[in-house]
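Engineer: Quick one: the structure is below, questions incoming.
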Amino acid sequence: MTSRVLLNPAAFQLVIKRLAHQLIEVHDDFSNSVLIGLQPRGIYAARRLHKELTQLIQTPAIALGELDCTFYRDDFRKKTLHPNRTILDFTIEDKNVILIDDVLFTGRTIRSGLDALMDYGRPRDIELLVLIDRRLSRHVPIQAKYAGLTIDSIDSQVVKVEWQETDNCDGVTLLSN
Amino acid sequence: MSKLSVPHLLGIKPLTTEDIHLILNTTSQFKDVLNRPIKKVPSLRDVTIANLFFENSTRTKLSFELAEKRLGADVINFSASGSSVKKGETLIDTVNNILAMKVDMVVMRHASAGAANFLAKHVNSIIVNAGDGAHEHPTQALLDAYSIQEKLGTVEGKKILIVGDILHSRVALSNIFCLKKLGAEVAVCGPLNLIPRHITTLGVQVFLDFNKALAWCDVANMLRIQSERQHITYFPSLREYQMFYGLDAKRLQTLNKEIVIMHPGPINRGVEISSDLADGPHSIILNQVENGVAVRMAVLFLLATRHDA
C-alpha cells in the first residue's frame, strides 16, 4: 500500500477558502441559497464551508442542512448500508441548492442524493460542490460545478479525506495498492 | 454492528441486544421519513412482499401493508378465509405456490405457535413473524420498546408492568424478551390462573395485587383478555375482572406519581382500561400505532437489504 498526499492541511484550508469565494461570486448574500451536505462524509465539507462563508460575508444565517440518501441508493444488498439523519429545517422549494459531498467518484451517491432531495420539494436549481473530483470514473452523467481538486485515479485507488473535526487533522491522501 | 444477526424475524428471543438497538435506531430514521410531506422512499422498489394472515388482524395488517408501501415494495395480501386453505391445502404448499410467483418476503400471522419457525425451515424466503399463536409477536414488542424509549428517553432501568391475560398473550412474551434484553425490569400482573407457571424463570416478577404492581411501575402495558384463545372460563365475569385488574382514573389517583399507559390493541373499553384513561394524557396508545409503521419499515428494510458478504 502506497500513499500520496494530495492536500496537506495548509493546501486544504486554501481550497476551502477558494470554494467559499467561488460560491459568493454566484450566490451573493445567500438569501435564496441553501447548503446541503450529503451524509455521511459530505456534512463535514458543508459545515466547514458554512463556517467559512459566515465569516466572509457576515450574513446572519446561511441555511445549512444534512441529507441522507441511504434509502434511495441503488447498491443495497451489495453492501451493508448505514442510514444517517436527515436534518432539513427549512424548505427547499424554489431555493438555489448547493449539494455538497467530499469525493465525487462514480456519481451514484449524488444520483441518489438528487432523488432524496426531490422528495423535500422542488428547488429552483441544484449545483454540486465536491472537495475532490475523481474524473474519468463516472458511471452516470453527473459533473460538479465546483471542485476543490480534480484528480486522475483508477478504480482500485482510494481517496481518503480527513477532517479536523473527526480525524484531528485536515488532509487528503490517495491510497494505492 | 450494522446488520442483523438473523436472516428472518421469527421472534425477539433469537435477536441480540445489538440487533434490537439497530432496529430501534433505524426506526428513528424512518419516523423522520413518515413526518415528511412525501412519506415514501424507494428502498425496496424491487422487492415483492406477501402478507399472509391466517388469523384476524386490523392494526398489524394495515401497519405492515403501509410500511411496505412506504418503502416502495410491491405488496400482495392473502387471508385464509376465501382461499384454498379451506380446500385442504397445507401451509408449505400455500406458501411455496405464492413464492413461485417470485415473492421475496413473507409476513405471516398464524394461529399456531411456531408457524413462522416452521416456515423458515421449509421454504426459501425471508420470513417475518406477525404473530404466531400465543408464542411471539416481535414487531409489537419492538414498537412498544420504541414507544417507551421515545416517551421516557430510555428503556434501561425502567420498571415495566404487563397486566392481564399473560397466559394467552404473544405480546407479553415478546415484550418480556425485548425489555429484558434492553435492561428494563419487567413484572407481570393478573389473575393467578392467567399467569404461566414458570414465568419467573424469564426473570420477571409476578404481582397478584394490581395496586401494589401499579405503585411499583413506571409503565403499565394493559393487555386484552384473549377470549378467542380461552377454551375454559378463567374468572367468574368480566365485571369481576374489571374490579380487580381494570385500570381506571380512581385507581390511578391513589398513586402519587404519573405512569405511562400502553395498550397493544384492540381495546375492550371498560374492561382492562376505562375510556377516559385510554384517551387521556398518560396514554401513548396511538403513539404506539404510529410508531408501528416506522418499526416495521425498519425491520423490512434491514432484512431485505441484509447481505451476506
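Engineer: For region A:103-115, give me each residue that is open to solvent by less than 30 Å² (accessible area, probe 1.4 Å) and in a helix (DSSP H, G or I).
Structural biologist: Result: A:ILE110, A:SER112, A:GLY113.
Engineer: For region A:122-141, which positions are in contact with a strand residue (DSSP E or B) (Cβ under 7 Å, 6 or more places away or on another chain) and either of a type in the set (Phe, Trp, Tyr) or not in a strand (DSSP E or B) (or both)? Explain how you work it out, then say what you get.
Structural biologist: Just the residues of region A:122-141 that are in contact with a strand residue (DSSP E or B) (Cβ under 7 Å, 6 or more places away or on another chain), to begin with: A:123-136.
If the condition is that a residue be in contact with a strand residue (DSSP E or B) (Cβ under 7 Å, 6 or more places away or on another chain) and either of a type in the set (Phe, Trp, Tyr) or not in a strand (DSSP E or B) (or both), then A:PRO123, A:ARG124, A:LEU136 are the ones that fit.
Engineer: Separate question: Across region B:261-282, what is the total count of residues that are more than 17 Å from the chain's Cα centre (by Cα) and free of Cβ contacts under 8 Å to residues at least 60 places away in the same chain?
Structural biologist: Here is the first cut: in region B:261-282, the ones more than 17 Å from the chain's Cα centre (by Cα) are B:268-282.
Retained after the next criterion (residues that are free of Cβ contacts under 8 Å to residues at least 60 places away in the same chain): B:268-271, B:273-282.
Looking only at that region, the number is 14.
Engineer: In this structure, is A:ILE100 surrounded by fewer than 20 Cβ atoms within 10 Å (Cβ to Cβ), in contact with a strand residue (DSSP E or B) (Cβ under 7 Å, 6 or more places away or on another chain) and not in a loop (DSSP other than H, G, I, E, B)? Step through it out loud before you land on a result.
Structural biologist: Details: surrounded by fewer than 20 Cβ atoms within 10 Å (Cβ to Cβ): no; in contact with a strand residue (DSSP E or B) (Cβ under 7 Å, 6 or more places away or on another chain): yes; not in a loop (DSSP other than H, G, I, E, B): yes.
No; evaluated as a whole, the condition is false for this residue.
Engineer: At least 2 residues that are over 30 Å from B:SER112 (Cβ atoms) and open to solvent by less than 50 Å² (accessible area, probe 1.4 Å) in each: list the helices (runs of 4 or more DSSP H) lying fully within region B:202-309 that qualify.
Structural biologist: Working: elements: B:210-216, B:238-245, B:249-253, B:275-278, B:285-304.
So the answer is B:210-216, B:249-253, B:275-278.
Engineer: Okay, next question. Could you list, in sequence order, all residues of region B:15-54 that are in a loop (DSSP other than H, G, I, E, B) and out of contact with any helix residue (DSSP H, G or I) (no Cβ under 9 Å at 6 or more places or on another chain)? Steps first, answer last, please.
Structural biologist: Narrowing region B:15-54 to residues in a loop (DSSP other than H, G, I, E, B): B:15-16, B:35-47, B:54.
Of everything in region B:15-54, those that are in a loop (DSSP other than H, G, I, E, B) and out of contact with any helix residue (DSSP H, G or I) (no Cβ under 9 Å at 6 or more places or on another chain) turn out to be B:ASN35, B:ARG36, B:PRO37, B:ARG45, B:ASP46.
Engineer: B:LEU194: modelled with pLDDT of 95 or more, open to solvent by less than 50 Å² (accessible area, probe 1.4 Å), aliphatic (A, V, I, L, M) and on the phi < 0 side of the Ramachandran plot, yes or no? If you could, list the steps in order and put the result at the bottom.
Structural biologist: Details: modelled with pLDDT of 95 or more: no; open to solvent by less than 50 Å² (accessible area, probe 1.4 Å): yes; aliphatic (A, V, I, L, M): yes; on the phi < 0 side of the Ramachandran plot: yes.
In short, no.
Engineer: Failed condition for B:SER57, given (1) touching a residue at least 12 places away in the same chain (Cβ under 8 Å); (2) out of contact with any strand residue (DSSP E or B) (no Cβ under 6 Å at 6 or more places or on another chain); (3) more than 14 Å from every other protein chain (Cβ to nearest Cβ), with all others met?
Structural biologist: Unmet for B:SER57, out of (1) touching a residue at least 12 places away in the same chain (Cβ under 8 Å); (2) out of contact with any strand residue (DSSP E or B) (no Cβ under 6 Å at 6 or more places or on another chain); (3) more than 14 Å from every other protein chain (Cβ to nearest Cβ): (2).
Engineer: Just wondering, is there one or more residues in region A:56-75 that are away from every other protein chain (no Cβ under 14 Å), β-branched (Val, Ile, Thr), open to solvent by less than 60 Å² (accessible area, probe 1.4 Å) and part of a helix (DSSP H, G or I)? It would help to see each step written out before you state the result.
Structural biologist: Taking region A:56-75 as the starting set, the residues that turn out to be away from every other protein chain (no Cβ under 14 Å) are A:56-64.
After this cut, where a residue has to be β-branched (Val, Ile, Thr) as well, the list is A:57, A:59, A:62.
Okay, now just the ones that are also open to solvent by less than 60 Å² (accessible area, probe 1.4 Å), so A:57, A:59, A:62.
Pick out the ones that are also part of a helix (DSSP H, G or I) and you get A:57.
Yes, region A:56-75 contains at least one residue that is away from every other protein chain (no Cβ under 14 Å), β-branched (Val, Ile, Thr), open to solvent by less than 60 Å² (accessible area, probe 1.4 Å) and part of a helix (DSSP H, G or I).
The values are calculated or read from the model by the stated rules, or taken from the named source; none is laboratory data. Keep in mind that this is a model prediction, so the values were computed, not measured. Because the Cβ atoms are built from the backbone with ideal geometry, glycine has one as well, and the counts that use them run over all protein chains shown. Just so you know, the surface numbers come from the protein's heavy atoms only, side chains and all, with ligands and any DNA or RNA stripped out. Shrake-Rupley method; radii C 1.70, N 1.55, O 1.52, S 1.80 Å.
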